[in-house]
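Please treat every number below as a calculation from the coordinates, not as lab data. What you are looking at is a predicted structure, and each value in this text was computed from that prediction instead of being measured. Please note: Cβ atoms are built from the backbone with ideal geometry, for glycine as well, and neighbour counts cover all protein chains shown.
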Amino acid sequence: MLPVVVVHGGAGQIPKQRTEQSTLGVCTAVRAAYTILRGGGSSMDAVVEAVTQMEDNPSFNAGHGSVLNAKGGVEMDAIVMEGKTLGSGAVSAVRNIANPVQLARLVMDKTSHACLTAEGASQFARAMGVPEVPEESLITEYSRMRWTKNLAPEANPVECQMGKMGTVGAVAVDSEGNIACATSTGGMLNKMEGRVGDTPCIGSGGYADNNVGAVSTTGHGEAIMKVTLARLILFHMEQGHSVEAASDLGLAYMKSRVAALGGVVTVDPRGHWAARFSSRQMSWAAAQKDTLHYGLYTGEHFTQSIDHPH
């Protein structure tokens, strides 16, 4: 069953003209991550590579393509976690960084801290030699258009958010049985400056534990935090539920308790995996046993050989 990697490109309602790019994006990301795993690489290297690919892809709300805050700026959040020692690193409200997920990994590897924010994270990035990029390079026409639309007094950014691919994330188990997760986001459309969502919060935006499994989440951040969705799903797995059942239980609880929709990708130590969501859509892809799996709507599940030219 091992190795395995599963990615998501965000839960919500994806405009028709963007569904193809979204599906292609998650498939490309999963192929890159699986190449690392197939070569004997670590689950951490794989999830960071998958998320980096999606941060660089303007189709997703992470890195280049992030949504804009109320002031028209980009503030991004990311987390990584590995399941062997429960090591974790996160950054929140970072600007001028092309790949927040890579900075989150540096926080895990090079500091004794779990999360760095805003200006402190920028100082750390500079100290680590991470190049700064102009904010303009992260902003797409699409993001600017939607920002302008949401400045209207009657606009509802939470509802409108569902029209944008959300957070991106990945979970993986490598051939040694080590588990990892990574999640990255531009946050919520027209959010207040300094708003931080679930993504960089351990147990909400993601969690990885070699003894149980890993989860990466997507959806309305404030709601995900209220139920600590990633850890909640792993709790259900500890109670003996399968990856699918545990994912569904977590999402159902979030829907009934705080009336919110979302999605997750989940793996267990044996290589069982799931991509589950309560929203209308979630672009996802997985790779296992040289087979690529992907889908967008509930119940949709396509497969092809991983080596199939795309």
*Met145 versus Thr85, label points 7 Å from Cα toward the beta carbon: distance in nm?*
4.7
_Between Ala260, Ala127, Ala11, where does the largest GNM mean-square fluctuation fall for the chain, given springs only between Cα atoms within less than 10 Å?_
Ala127
*When the chain is modelled as a GNM with alpha-carbon springs shorter than 10 Å, which of Gly205, Gly187, Gly40 fluctuates the most?*
Gly40
*Select one label from (i) 22.0; (ii) 14.3; (iii) 18.7: the one whose number is mean projected area of the Cα convex hull in nm² as derived from the coordinates shown.*
(ii)
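Would you mind working out the magnitude of the charge dipole of segment 241-299 relative to its Cα centre, with +1 at each Lys and Arg C-beta and -1 at each Asp and Glu C-beta, to the nearest 20 Debye?
Values: 6 positive and 4 negative charges, 36 e Å.
The dipole of segment 241-299 has a size of about 180 debye.
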*For every helix of n ≥ 4 consecutive DSSP H residues, a contribution of -39,500 (n - 2.57) applies; sum these over the chain, divide by its total residues, and give [θ] at 222 nm rounded to the nearest 500 deg cm²/dmol.*
-10500 deg cm²/dmol
*Other-chain or far-sequence residues with amide H under 5 Å of Ser216's (modelled H)*: Val265
*Which whole-Hz ³J(HN,Hα) couplings does segment 271-277 yield from phi under the Karplus relation 6.51 cos²θ - 1.76 cosθ + 1.60, θ = phi - 60°, glycine and proline marked x?*
x, 5, 9, 8, 10, 10, 7
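To the nearest 20 Debye, how big is the dipole of segment 102-235 about its Cα centre, given +1 on the beta carbon of each Lys and Arg and -1 on that of each Asp and Glu? Working shown, then result.
Values: 11 positive and 14 negative charges, 35 e Å.
Charge dipole, segment 102-235, about its Cα centre: 180 debye, nearest 20.
Suppose we flag GluC sites (Glu not before Pro) only when DSSP calls them loop and at most 14 other Cβ atoms lie within 10 Å. Which is the longest uninterrupted stretch of the chain?
Values: sites that count: Glu132, Glu154, Glu176, Glu193, Glu300.
The longest such stretch corresponds to 1-131.
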*Rounded to the nearest 20 debye, dipole of segment 4-305 from Cβ charges on Lys, Arg, Asp, Glu*: 460
*What is the Cα centroid distance between segment 10-66 and segment 210-245, reported in whole angstrom?*
21
*In segment 1-20, which residues have a backbone nitrogen under 18 Å from the label point lying 7 Å from Gln304's Cα in the Cα-to-Cβ direction?*
7, 19-20
*Mind telling me which of Thr183, Thr266, Thr85 comes out most flexible in a GNM of the chain, alpha-carbon contacts under 10 Å?*
Thr85
*Work out, in µm²/s and without decimals, the Stokes-Einstein translational diffusion coefficient of segment 1-134 at 37 °C, 0.692 mPa s, Rh from Kirkwood over C-alpha pairs.*
211
*Modelled label-to-label distance, Ser112 and Ser256, 7 Å Cα→beta-carbon offset: nm?*
4.4
